[in-house]
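A.B. asks: One structure is given below, represented as structure tokens, and several questions about it will come after.
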Amino acid sequence: MERNELADFLRRRRALLRPENVGLPAGARRRTPGLRRCEVAQLAGMSPDYYARLEQGRGPQPSVALLTALVRALRLAIDERDHLFRLAGHHAPPRSGGDEHVGRGLLRLLDGLAGLPALVASDLNVVLAQNPMADALLGEHTRFRGLARSCTYRWFTGPDLRGRYPAEDHEHESRALVDDLRATIAARPADPAAALLVEALRGESAEFAVLWDRHDVAVRRSDRKRIRHPAVGLVELDFDVLATDRQDQRLIVFSPAPGTAAASRLELLAVLGREQFTS
């Protein structure tokens, strides 16, 4: 681990970003260019003290998960990502076969959808990046590790994710998730990560096994979702998957019909989300 080089690289990349580049309000006048340390830490989901120590060249070796979070927080290009990993004493991630790097342009587009919940997910339903509105509506999905990184896995193996949806919508959501995963497996038949996910789900969820054996297949491109939020209540939204330049990544946008109660609840949620970030 090259602590001093890593510290310098982090400081210089942070200085190149402005709040509007990462979907944050500009706020009061700043004494120095770039993001504040606390803002990078918040975007990466880590302690401000831990991040400060990295920039000071005295922090412990960051994990792969923390480096991945920093890549997205600092909007690093793929060569910059590889350099960051090497400075931190890790091998750079592969550039094919499940590479989860989200491009700078796609992250910029994600940030630009400030009024709508939006996220980037892999074709195995792993959330790779999400904007603050998605955090506020759906909770933070990038913190999970192992198989639990896949929302499909968590849907069939635990109650937390299902708790966001009315019980009468569970059957439809289960079918949609399985049908979409079947399409992914067909497109990636030799991918060990996809095969491992299916094998684990067949062993841990009888519901999944029954649906999988039906051999239904459908790529999920749009849908209607009803999401239960503890602060604003039931929010009914359109769910649209927008095309990207990579087949294994999807930009997903949630939007309300104009003039509906859902639109008003999203506006309230945007205010609550900004207050939470400020605090």
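A.B. asks: Checking residue 140 against (1) within 25 Å of residue 64 (Cα to Cα); (2) touching a strand residue (DSSP E or B) at 6+ places or on another chain (Cβ under 8 Å); (3) modelled with pLDDT of 90 or more, which test does it fail?
C.D. replies: Condition (3) is where residue 140 drops out.
A.B. asks: So if I check each of 176, 193, which one is at pLDDT 90 or above, on the phi < 0 side of the Ramachandran plot and not in a loop (DSSP other than H, G, I, E, B)? Break it down stepwise before answering.
C.D. replies: Working: 193 fails: at pLDDT 90 or above.
So the residue among 176, 193 that is at pLDDT 90 or above, on the phi < 0 side of the Ramachandran plot and not in a loop (DSSP other than H, G, I, E, B) is 176.
A.B. asks: Shifting gears a bit: Got a number for residues in segment 111-136 being assigned to a helix (DSSP H, G or I) and more than 25 Å from residue 179 (Cα to Cα)? Show your work before the answer.
C.D. replies: Keep residues of segment 111-136 that are assigned to a helix (DSSP H, G or I), which gives 111-112, 132-136.
Those still in the list that are more than 25 Å from residue 179 (Cα to Cα) too: 111-112, 132-133, 135-136.
Number satisfying all stated conditions: 6.
A.B. asks: Which residues, taken from segment 42-58, are under 19 Å from residue 87 (Cα atoms) and crowded, with 20+ Cβ neighbours inside 10 Å?
C.D. replies: 44, 51, 54
A.B. asks: Under the condition of being more than 15 Å from residue 134 (Cα to Cα) and touching a residue at least 12 places away in the same chain (Cβ under 8 Å), which residue from segment 247-260 is farthest from the chain's Cα centre (by Cα)? Even if it seems obvious, please write down each step before you answer.
C.D. replies: Applying the first criterion (more than 15 Å from residue 134 (Cα to Cα)) to segment 247-260 yields 247-249, 257-260.
Those left that are additionally touching a residue at least 12 places away in the same chain (Cβ under 8 Å): 247-249, 257, 260.
Values: 247: 17, 248: 14, 249: 11, 257: 24, 260: 27 Å.
Per the criteria, the residue is 260.
A.B. asks: Limited to segment 94-121, what total is found for residues that are touching a Gly at 6+ places or on another chain (Cβ under 8 Å) and either farther than 12 Å from residue 23 by Cβ or surrounded by fewer than 21 Cβ atoms within 10 Å (Cβ to Cβ) (or both)?
C.D. replies: So the answer is 3.
A.B. asks: Okay, next question. Can you name every residue in segment 50-65 that is outside any loop (DSSP other than H, G, I, E, B) and at pLDDT 90 or above?
C.D. replies: In the first step, residues of segment 50-65 are kept if they are outside any loop (DSSP other than H, G, I, E, B); the result is 50-55, 64-65.
Across segment 50-65, the qualifying residues are 50, 51, 52, 53, 54, 55.
A.B. asks: Okay, moving on. Which one of these does residue 94 not meet: (1) at pLDDT below 90; (2) of a type outside the set (A, V, I, L, M); (3) in a helix (DSSP H, G or I); (4) more than 17 Å from the chain's Cα centre (by Cα)?
C.D. replies: (3)
A.B. asks: Looking at (1) farther than 23 Å from residue 145 by Cα; (2) in contact with a helix residue (DSSP H, G or I) (Cβ under 7 Å, 6 or more places away or on another chain); (3) at pLDDT 90 or above, can you tell me which one residue 12 breaks?
C.D. replies: (2)
The values are calculated or read from the model by the stated rules, or taken from the named source; none is laboratory data. For clarity, every value in this text was computed on a predicted model and none was experimentally measured. Virtual Cβ from ideal backbone geometry, glycine too; neighbours counted across all protein chains shown.
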